[in-house]
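Values quoted throughout were computed directly from the atomic coordinates according to the rules given, and no laboratory measurement underlies them. Everything numeric here is computed off the predicted structure, so don't read it as measured data. We place every Cβ from the backbone using ideal geometry, glycine too, and count neighbours over all the protein chains shown.
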Amino acid sequence: MRKAYRLLVFMVLASSLACANATQEGLKVFISVDMEGIAGVVSGSECSSRGPDYDYFRQIMAWETNAAIEGAIDAGAAEILVRDGHGSKTNIMPNQLHPKAKLLRGVTDRPENMMLGIDDTFDAVIFIGYHAKAGTEEGVIAHTSSGNVIDLSVNGISLPEGGYNALIAGLYDVPVVFAAGDNWICDQLKDLLGEIATCETKIGMGSAELGLHPNVVKEKIKKGVAEALEDLSRFNPYKMTPPYTMTLKVKKERELYSGAEKVGKGEFVFTSDDFLEVMDAFNKMK
């Protein structure tokens, strides 16, 4: 009788585990990749195609991206889309990317920008190589989309690139579950999103950084992504209640976006019920 009972318990537990694992099979994962937050990067020239060390760091960018892909595959991902989100969006060479992922490269004028390709068929979003927002004193190459931006806030909340990109994902009910970058962006995203897994690639000290070896970062990213994707119930899409009011502060004023209002020197306000329209206004005036 005891043997039969133990067998029954074992079968129930095995079935439960199988069901839990099955829920993760077929995951569709979106990976948005920037460059300033990857291991070792400490200057703008290292992220620029004109810089002497750019090819070295674009290789590390690909390594960290592949580590995220491998972690997603380990968690049961069946489809993975990588969006090259840095600068010209042509940093990751196609032959350097893991063959089980698709790569979206190139610049468009669409407001999704670093999130181009996201839709409601995805289960999770991952950020790789992200960095702190403009004004973060000790953030490594801290900025918000361009060096011209002093601050971007939506509905009174100051946002880094990871913040407004999370809001774009939230439009499709897709949560950001993992982010890798310096300690400052990890803290900023935790403050905004609450439950999110992170990997600190380095500690930012303004024009300096204390960083981990790229191989260590790769292992942390792979493990962290796999663990984050094992239980998506922990994460919630990042959302705000419309209308969305953007306050943009810039160093140099650009052409005024239709419907935007200048409220001070270098300060503009724009409101819309469509967050992608807000992002379009931001991209045009930043």
For this session: List the lysines whose Cα lies under 20 Å from the Cα of K190, skipping any in the same chain that are fewer than 8 positions away.
Result: K133, K202, K220, K222, K223, K239
For this session: Grab the other residues whose beta carbon is less than 14 angstrom from that of S258, score K and R as +1, D and E as -1, and report the net.
Result: -2
Exercise. So how tilted is helix 183-193 from the main axis of the chain? Cα-based, degrees 0 to 90, rounded to 10.
Worked result: 80 degrees
Exercise. Among rounded, prolate and oblate, which fits the chain when a ≥ b ≥ c are the square roots of the eigenvalues of its C-alpha gyration tensor, a/c under 1.5 means rounded, and a/b larger than b/c means prolate?
Worked result: prolate
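Starting from 0.36 nm per residue, how many nanometres of slack lie between D119 and N95 once their C-alpha separation is accounted for?
Details: separation 24, 0.36 × 24 = 8.64 nm, distance 2.56 nm.
So the chain would gain 6.1 nm between D119 and N95.
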Exercise. Of M114, M240, M61, which is the most mobile in a GNM of the chain whose springs link Cα atoms less than 10 angstrom apart?
Worked result: M240
For this session: Counting other Cβ atoms within 10 Å, keep those with at most 13, restrict to DSSP loop, and tell me which chymotrypsin sites (Phe, Trp or Tyr not before Pro) in region 62-162 are left.
Result: none
Exercise. Most mobile of A197, A179, A78 per a Gaussian network model of the chain (Cα springs, under 10 Å)?
Worked result: A78
Problem set entry | GNM top mover of P242, P214, P94 - the chain, alpha-carbon springs below 10 Å | P242
Exercise. If you line up the long axis of helix 2-22 against the longest principal axis of the chain, both from Cα atoms, how many degrees apart are they, to the nearest 10?
Worked result: 20 degrees
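Expressed in nm to one decimal, what extension gain is obtained for the pair D151 and E25 from 0.36 nm per residue of sequence separation less their Cα-Cα distance? Intermediate values should be presented prior to the final figure.
Numbers: separation 126, 0.36 × 126 = 45.36 nm, distance 4.02 nm.
Difference between extended and current length: 41.3 nm.
Using DSSP to call loops (not H, G, I, E or B), can you name the GluC sites (Glu not before Pro) in region 31-105 whose Cβ has at most 10 other Cβ atoms within 10 angstrom? Display every interim value, and only then the final one.
Working: sites: E36, E46, E64, E70, E79; in loops: E36.
Answer in residue order: no site qualifies.
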Problem set entry | Charge dipole (debye, nearest 20) of the chain; +1 at Cβ of Lys and Arg, -1 at Cβ of Asp and Glu | 480 debye
